Amino acid sequence: MNTLLRLSVVAMPVLLAAGARADVVTDWNQRASEITVAHQAGPWGQAPMVLIQAAVFESVNAITRRFPQAGYLKLEAPAGASIDAAVAAANRVVLNRMATTQTAAIEAAYQAALAAIPDGPAKADGIALGEKAVAGILALRAPTGASPVFYRPVTGPGQYVPTVLPVMADLPPGKCWLLERPDQFRPGPPPDLKSAVWARDYNEVKAFGARTGSQRDAEQTEIARFWAATTPTIYYPIARSVANQPGREPTQNARLLAASGQAMVDAIDAVFDAKYHYHFWRPFTAIRNGDRDGNDATERDAGWLPLIDTPMHPEYPCAHCTIAGSLGAVLKAEIGDGPTPRLSTTSPTLPGVTRSWTSVDAFMQEVINARVYDGVHYRNSGEVGRALGNKVGELSAAKLLR
C-alpha cells in the first residue's frame, strides 16, 4: 500500500523550502515549474521546462565537463564561470520567452539569485554561458509557432456533435527531442468492443469511476482527485526526490532533469499521435451507449457521470500514464542497482496532501489506477500508455544517462 502523508497548509511551505535547498539546479527547477504553471496549466507547461532543463544541463556540463559525451551543443566555458549564474540566466531567458504573463515573478527570482553571487568575471561569464546555451537549444528545438487546426469531427451527415475544438488536436510543429517521429512507438489499437478485455475495463470504470454510487473507498477517491492534475509541478518533484539524495552534485541533477524533461515532452507527442489516430471513446460516451457496443457483458447507464470532468481529447492511450511511464523509465535508469529513495510529490488539485512511493513501479501503477478512479480512462489504456512512455523514457536514458 502506498503511503499517504497528510501535511497541514502551514507545514507545506516549510517542506518545500527545505527541499529547494538541494542545489541551484533543483532549486530553479522548482521555481520554474511554479512559474510555468502560473502562466498556463496543463501539459503545455512541459514545453518551456524541457528547453530550460536542456539549456541548464548544457551550461553546467560545459563548466564541470563531467559528461563530455552527453548533450547537444558541446559548449566551451571560460575557466571559473559561475554555475549559479549560468543556471539563473538560462531559466530567465526561456521563462521570459514562454511565460510572458509572469515577467515580474521571473525578474524577482533572477535578481534575487544574482544578488547572492559576487560580482566579477565568474558571474559575468556564467550569465553569458547560460544565455548562449539557451540560444543554441532554441536553434535546435524551439517550436516554430502555432499550427493550423485541421481537426475533422467524427460524425455523420446532419448529426450534431459538440462544436468546441478538442485539446491537442494539432501539436505545435517542431522536432521531437528523442523520437524520429511521433508515431515511432505507436501502439496497436484499443480492445475490440466484443472482447473480454473491453467488458472488464468498461465494468471496472463504470463501478469505480462514477461520480455518485461508486465502489471507490476513501483513499481511492483521494488518489483520483490528486492525479486530476497534469502539470510540471506534479511530475518534476518526483525526479527531484532522486536528485535531492546525498552525494549528488549539480551536473548529475542537471542531466537527470534534462533527461526527464525530454522524455516527458516526447511522450506527450507520442500519446497524442495515438489518441488522434484511434479516436477511441471515453467512458462517459461508452457507458451512456453501452447498449450499442455489441457486447452483452456491458450494461448501459443513461445517466452515468465520471468523478471528474472528462478531458477534451480521445481516450486511448492514457496521457497521464504515458508521461508517468516516460519519467519512470528515466528514474529507473538513473537509480540503477542502488536503493530507491522515497518518491514524493504534491498536487494542485488536492492541496495539503503529499503522495509517496517506495518504488518507481508503485508510482506508475498509481497513476494508472487514478485515471480509472477518475472515470476518464480504462485500465488497458493506462497499461498501454505506461508501456509507450517506458519506451520513450528508455530512449532518453540511452541518450543522456549513458
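Key figures for this structure:
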item	result
Spatially close lysines, pair count over the chain: Cα under 15 Å, gap of eight or more or interchain	6
Unmatched cysteines, the chain - criterion: no other Cβ of a Cys under 4.7 angstrom	Cys176
Nonlocal amide H pairs with Thr345, under 5 Å, H built at 1.01 Å	Arg355
Where labels lie 7 Å past Cα in the beta-carbon direction, separation of Ala105 and Leu138 in nm	2.1
Computed FRET value (nearest 0.05) for Asp291 with Glu180, which takes r as the C-beta separation and R₀ as 30 Å	0.10
Semi-axis lengths (Å, descending) of the ellipsoid that matches the C-alpha gyration tensor of the stretch 97-221	46, 24, 18
The stretch 330-402 versus the stretch 26-77: alpha-carbon centroid distance in Å	21
Computed E for Ala302/Glu76 - FRET, C-beta separation, R0 56 angstrom, nearest 0.05	0.25
Along each principal axis, Cα extent of the chain, largest first, Å	74, 45, 41
Modelled FRET efficiency - R0 56 Å, Arg65 with Ala218, Cβ distances, 0.05 increments	0.60
Per-peptide average of other Cβ atoms within 10 Å, ordering 113-121, 348-356, 154-162 highest first	348-356, 113-121, 154-162
Relative contact order for the stretch 186-295, counting Cα pairs under 8 Å that sit 6 or more residues apart, in percent	47
Relative contact order, percent, the chain [alpha-carbon distance under 8 Å, six or more residues apart]	23
Sequence ranges 29-36, 286-293, ranked by mean other-Cβ count within 10 angstrom, highest first	29-36, 286-293
Sequence ranges 304-310, 128-134, ranked by mean other-Cβ count within 10 angstrom, highest first	128-134, 304-310
For the stretch 330-370, the spread of Cα positions along each principal axis, largest first, Å	34, 19, 15
Whole-Hz couplings from phi, Karplus 6.51/-1.76/1.60, listed for the stretch 349-364; x for Gly and Pro	8, 8, x, x, 10, 10, 9, 9, 9, 9, 8, 5, 4, 5, 4, 5
Approximate shape of the stretch 63-115 as ellipsoid semi-axes (Cα gyration tensor, √5λ), whole Å, largest first	26, 14, 7
Potential lengthening between Ala41 and His279 on full extension [0.36 nm per residue; Cα-Cα distance subtracted]	83.3 nm
Over the stretch 294-335, equivalent-ellipsoid semi-axes from the Cα gyration tensor in Å	33, 14, 9
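None of the figures in this text is laboratory data; all of them are computed from the coordinates on show. Not measured: the values here are computed from a predicted model. So basically every Cβ, Gly included, is an ideal-geometry build from the backbone, and we count neighbours across all protein chains shown.
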